[in-house]
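Working notes for the structure below.
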Amino acid sequence: MDLSSGGVASMVFKPIIRGELGQLSLDGQMLSVLMALDGNMTLGQVAQKVGLNLADIRPVITKLLKLNLVESVERAVSIVDQEFMDFLVAKLSVAIGPLGEIIVEDGLEELGFTRNNFPTLRTAELVNYLSEEIQREDKRMEFKQAMLKKIKEKGY
């Protein structure tokens, strides 16, 4: 499995129980990540739990995969549609101006995603993250309310 590119934040892994685990040498990061993997939490959640960023967790998971200590858990992940992303960009642009689209792209990248693979389960997190870029409190609240209404409308 190649983890060198693309968003790993939404990937889920679980440990593989092996008898010879005591014969392996794991560093502290690898052990912390291995212990945190439960087959339900995404790598983004695991990284947050163990105090790593996504750039740091990627090589740890790669090593654990090579040692055959973890395996990927396939989950059906619902992705936000283009209409939602267009609405998000439009509302953020109203609040902060023409840089709205760039800020959305940067925010998606910071969270480990693109416009084409952002999971619906993390829309509220994205909205909160982007709202921090809005200086005026009234505009921030207006943005959050519009996005909350859209999230409910979409069933995300």
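Bear in mind that the values in this text are calculations on the coordinates, not laboratory data. Keep in mind that this is a model prediction, so the values were computed, not measured. Neighbour counts are summed over all protein chains in view; Cβ atoms, including those assigned to glycine, are modelled from backbone coordinates with ideal geometry.
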Please tell me the relative contact order of region 82-156 in percent, rounded to the nearest whole number, where contacts are Cα pairs under 8 Å and at least six residues apart. 33 percent
Averaged over every viewing direction, what's the projected area of the C-alpha convex hull for region 12-73? Give it in nm², one decimal, please. 3.7 nm²
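Starting from the Cα gyration tensor of region 82-154, take the square roots of the eigenvalues, sort them a ≥ b ≥ c, and report rounded, prolate or oblate (rounded when a/c is under 1.5, otherwise prolate if a/b is larger than b/c, else oblate).
Values: a/c = 1.59, a/b = 1.21, b/c = 1.31.
Because a/c hits 1.5 or more and a/b fails to exceed b/c, region 82-154 counts as oblate.
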Can you give the calculated 222 nm mean residue ellipticity of the chain, where each DSSP H run of n ≥ 4 adds -39,500 (n - 2.57) and the sum is split over every residue, rounded to the nearest 500 deg cm²/dmol? -16500 deg cm²/dmol
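Using unit Cβ charges (K, R positive; D, E negative) and no other charged atoms, how large, in debye to the nearest 20, is the dipole of the chain about its Cα centre?
Result for the chain is approximately 380 debye, rounded to the nearest 20.
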For the chain, what D do you get in µm² per second when you plug the Kirkwood radius from alpha-carbon pairs into Stokes-Einstein at 10 °C and 1.306 mPa s? 93 µm²/s
Folded to 0 to 90 degrees: helix 54-66 orientation relative to the chain principal axis, Cα: 30 degrees
So if each residue of separation counts as 0.36 nm, and I subtract the Cα-Cα distance between Gln48 and Met141, what length gain in nm does that give? 30.8 nm
Per-residue Cβ neighbour rank within 10 angstrom, fewest leading, Ser10, Ser25, Ser72: Ser25, Ser72, Ser10
